[in-house]
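Heads up, the thing below is written out as structure tokens.
The values are calculated or read from the model by the stated rules, or taken from the named source; none is laboratory data. Model, not experiment: these values are computed from the prediction. Cβ coordinates were reconstructed from backbone atoms using ideal geometry, including for glycine residues, and neighbour counts include every protein chain displayed.
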Amino acid sequence: KRHLLEAADLDRADATLVLDTAAQIDQALAGREVKKLPTLRGRTVVNLFYEDSTRTRISFELAAKRLSADVLNFSAKGSSVSKGESLKDTALTLEAMGSDAIVVRHSASGAPHRLANWVRGSVVNAGDGTHEHPTQALLDAYTIRHRLGRLEGVRVAVVGDVLHSRVARSNVRLLHTLGAEVTLVAPPTLLPVGVGSWPAEVSYDLDAVLPKADVVMMLRVQAERMNASYFPSAREYSRRYGLDARRVGALGDDAIVMHPGPMIRGMEIAAEVADSVRSTIVEQVGNGVSVRMAVLYLLLGGAPQ
Ligand code: CP
């Protein structure tokens, strides 16, 4: 495969190969003082970010550097995008300077697919609009497998603003591919039209779902993409769909709590829950580096096509 544009690009064998490769990378680097592999020496990875990011941009940068690639960080702010330069011309300019892979985040759903038609190198989707964020789903799957030892049959509740969530879309697809059972929990106004055709159950009642969940994946409320008419109020939302200590008490002993970040403490998740031993939030960020190393390695470097 040349690109990673959405979770559906990966069948079960592909996704398992990424997770196994990330685990091998983790093993190879464990205990080493210099956390670097020579695999992508001489290759160039461009981080092309039209939207803000902390975790994804920095972990892709670190992933490429740990594989010894040259890394260029392009942020739309401060570039010739402000003079009207298009995504296509920006990408062709970067490719003319020798980029082998473009990691792209864009506010427009579908932008990475367009890009993949214009450039010769690999394109990795680092989040496009409300569409997909496939490497987030891979690092989430990696974290679940690491914590619970399996993905097959694991019951995952994905809770909150599903309507605007590219993380939810990628996770539903990938977790289904890997044999997990997903239930989406949200108010009806924060579920997309057509959710009935997704490979997931739907519930409006968080308290009913929690006792059966092995994993609770909380989603950020994306106020910046919202219209006040369909968002009740922060207080009401938090009361019905926020994960607080009382609700965590309904979970099974081994259940874990996830959040892709950035999180809004006190809104979708209470601070004490985010910082509790059940929380994998910091672990997810660390796993993001290994999983993104695996993705870059498999697309650009190592494994058979
Ligand atoms: N989870 C995630 O995509 O975070 P960033 O927006 O900080 O990259």
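For the range 50-60, does any single residue satisfy the condition of being more than 16 Å from the ligand (Cβ to nearest atom) and more than 24 Å from GLU283 (Cβ to Cβ)? The answer is no, given that none of the residues of the range 50-60 is more than 16 Å from the ligand (Cβ to nearest atom) and more than 24 Å from GLU283 (Cβ to Cβ). Screening the range 41-117 for strands (runs of 3 or more DSSP E) wholly inside it with 2 or more residues that are surrounded by 15 or more Cβ atoms within 10 Å (Cβ to Cβ) and touching a residue at least 60 places away in the same chain (Cβ under 8 Å) returns the ranges 44-49. Considering the range 93-117, and only residues there that are more than 13 Å from the ligand (Cβ to nearest atom) and polar (S, T, N, Q), the residue that is nearest to the chain's Cα centre (by Cα) turns out to be SER109. Taken together, SER165, SER122, SER109, SER170 contain a single residue that is assigned by TED's automatic domain parsing to the domain that holds LEU87 and under 18 Å from GLY194 (Cβ atoms), which is SER109. Please find, among ASP214, ASP205, the residue that is surrounded by 13 or more Cβ atoms within 10 Å (Cβ to Cβ) and away from the ligand (no atom under 15 Å from the Cβ). Residue meeting the stated conditions: ASP214. Looking at the range 25-40 only, could you name the residues that are touching a residue at least 24 places away in the same chain (Cβ under 8 Å) and part of a helix (DSSP H, G or I)? Answer for the range 25-40, where residues must be touching a residue at least 24 places away in the same chain (Cβ under 8 Å) and part of a helix (DSSP H, G or I): ILE25, ASP26, LEU29. Applying the criterion of being within 13 Å of the ligand (Cβ to nearest atom) and among the charged types (D, E, K, R) to the residues of the range 118-134, the residue that is surrounded by the most Cβ atoms within 10 Å (Cβ to Cβ) is GLU132.
Residue selection: ARG12 fails the criterion of being within 15 Å of the ligand (Cβ to nearest atom) and modelled with pLDDT of 95 or more. Among residues that are among the β-branched types (Val, Ile, Thr), modelled with pLDDT under 95 and not in a helix (DSSP H, G or I), VAL221 is included.
Of all the criteria given as (1) farther than 17 Å from LEU138 by Cβ; (2) not in a loop (DSSP other than H, G, I, E, B), the one not satisfied by VAL193 is (2).
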